[in-house]
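The values are calculated or read from the model by the stated rules, or taken from the named source; none is laboratory data. Predicted model only: the values in this text are computed from it and were never measured. Here Cβ is always computed from backbone atoms with ideal geometry, including for glycine, and neighbour counts include all displayed protein chains.
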């Protein structure tokens, strides 16, 4: 390798100067110095490239910068203390940049490399987006077996959702039942919110209903109603910070069956995860809103209420995806969606299942809004409807 000593000297002087360097100037200097002192300057080059990405609004520039950051990180010595962390950060940024441009095949390859580096979450999300639920569930199981990442609501819900997507309903219920048992224990010790236990129990009732286990579904609903009775009577024992992400994740997951089937050619969101959606998939999912709203208007004009109730729910789910984790004016912003769903469903006296679903949705929304008495009333009505039907 021929070294341009003048360029090296200029780079050192630039970095040692008293003036504040811009990101692009720093990147240029680190590029030169990484050639002669890779151990010292390659990590700095990777950091600078990732930082420079945030100064650009050009998606193609994001791809170029993050690709260079990956190339640089890969050259670091395998035993270097910060190699694994820097490489994963660079790969994750490159992955996101590729998916933002819809370059899914290349992005999936980077997810495979991330999984080989110990981060299987992004690959699991991409597989789920493409309807490859069985493969995604295998990754979840392997991660749970290895204790990476930590066994939590987020990892368990994703695992159970992928098992359900693969048609393994009993296995999914077994995984989710373990989460409920842990949440019960934590709620009894005031280490988690009763609201979260309620959402989990209601979701579990839906899982068992889908699996054809009516008795299991009814038992989960009865327990959820007892928790709601407690919330309506005494409120939460502790004042928890924002927990809207838990509600949103399970509400959005509950709508997966109403959406088009996911496939590599037509990916859909990785239902069961609150984060990690590929940006092209998220944009496409939210991009369906105008068409759904137009369809709802047509169905309303034709008084086709069953289909209208279903489409209106799909609209509500997208609203939750878009801004369901924002606490500011949460109840005021979202109440119209759920009130409308119940209003339409009440006009279908021969369809108690749709009304029970709408009441359950509104009840769980009220729990998220900390309006526990209306939540209890709605859910009690839903349980009574399902018991009679």
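Structure notes:
- Applying the criterion of being in contact with a helix residue (DSSP H, G or I) (Cβ under 6 Å, 6 or more places away or on another chain) and in contact (Cβ under 8 Å) with a residue 60 or more places away in the chain to the residues of the stretch 102-113, the residue that is surrounded by the most Cβ atoms within 10 Å (Cβ to Cβ) is 107.
Here's the yes/no breakdown for (1) over 30 Å from residue 205 (Cβ atoms); (2) in contact with a helix residue (DSSP H, G or I) (Cβ under 8 Å, 6 or more places away or on another chain); (3) buried (at least 17 other Cβ atoms within 10 Å of the Cβ):
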{"site": "80", "(1), (2), (3)": "yes, yes, no"}
{"site": "92", "(1), (2), (3)": "yes, yes, yes"}
{"site": "97", "(1), (2), (3)": "yes, yes, yes"}
{"site": "115", "(1), (2), (3)": "yes, yes, yes"}
{"site": "124", "(1), (2), (3)": "no, yes, yes"}
{"site": "157", "(1), (2), (3)": "no, yes, yes"}
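- Count of the stretch 239-254 residues which are touching a residue at least 12 places away in the same chain (Cβ under 8 Å) and out of contact with any helix residue (DSSP H, G or I) (no Cβ under 7 Å at 6 or more places or on another chain): 3
- Enumeration of residues in the stretch 257-284 that are within 14 Å of residue 317 (Cβ to Cβ) and over 13 Å from the mean Cα position of the chain (by Cα): 257, 258, 259, 260
- The lone exception for residue 185 - which of (1) under 27 Å from the mean Cα position of the chain (by Cα); (2) surrounded by 14 or more Cβ atoms within 10 Å (Cβ to Cβ) it fails: (2)
- Scanning the stretch 80-88 finds one or more residues that are part of a helix (DSSP H, G or I), under 22 Å from the mean Cα position of the chain (by Cα) and modelled with pLDDT of 90 or more.
- Among the residues making up the stretch 255-276, those that are touching a residue at least 60 places away in the same chain (Cβ under 8 Å), on the phi < 0 side of the Ramachandran plot and in contact with a helix residue (DSSP H, G or I) (Cβ under 7 Å, 6 or more places away or on another chain) are 255, 262, 267, 268, 269, 270, 271, 273, 274.
- Lone unmet requirement of (1) outside any helix (DSSP H, G or I); (2) modelled with pLDDT of 95 or more for residue 76: (2)
- Lone qualifier among 368, 345 - being surrounded by 23 or more Cβ atoms within 10 Å (Cβ to Cβ) and farther than 26 Å from residue 236 by Cβ: 345
- Qualifying positions in the stretch 137-158 - without any contact (Cβ under 8 Å) to a residue 60 or more places away in the chain and assigned to a helix (DSSP H, G or I): 137, 138, 139, 140, 141, 142, 143, 144, 145, 146, 155, 156
- Subset tally (residues that are more than 22 Å from residue 284 (Cα to Cα) and either at pLDDT 95 or above or within 19 Å of the chain's Cα centre (by Cα) (or both)) for the stretch 96-124: 6
- Test result for residue 332, part of a helix (DSSP H, G or I), over 22 Å from residue 240 (Cα atoms) and either free of Cβ contacts under 8 Å to residues at least 40 places away in the same chain or touching a strand residue (DSSP E or B) at 6+ places or on another chain (Cβ under 6 Å) (or both): no
- Some residue of the stretch 293-306 being in contact with a helix residue (DSSP H, G or I) (Cβ under 8 Å, 6 or more places away or on another chain), closer than 30 Å to residue 99 by Cβ, at pLDDT 95 or above and in a loop (DSSP other than H, G, I, E, B): no
- Condition met for residue 51 (under 28 Å from the mean Cα position of the chain (by Cα), more than 28 Å from residue 264 (Cα to Cα), free of Cβ contacts under 8 Å to residues at least 60 places away in the same chain and in a helix (DSSP H, G or I)): yes
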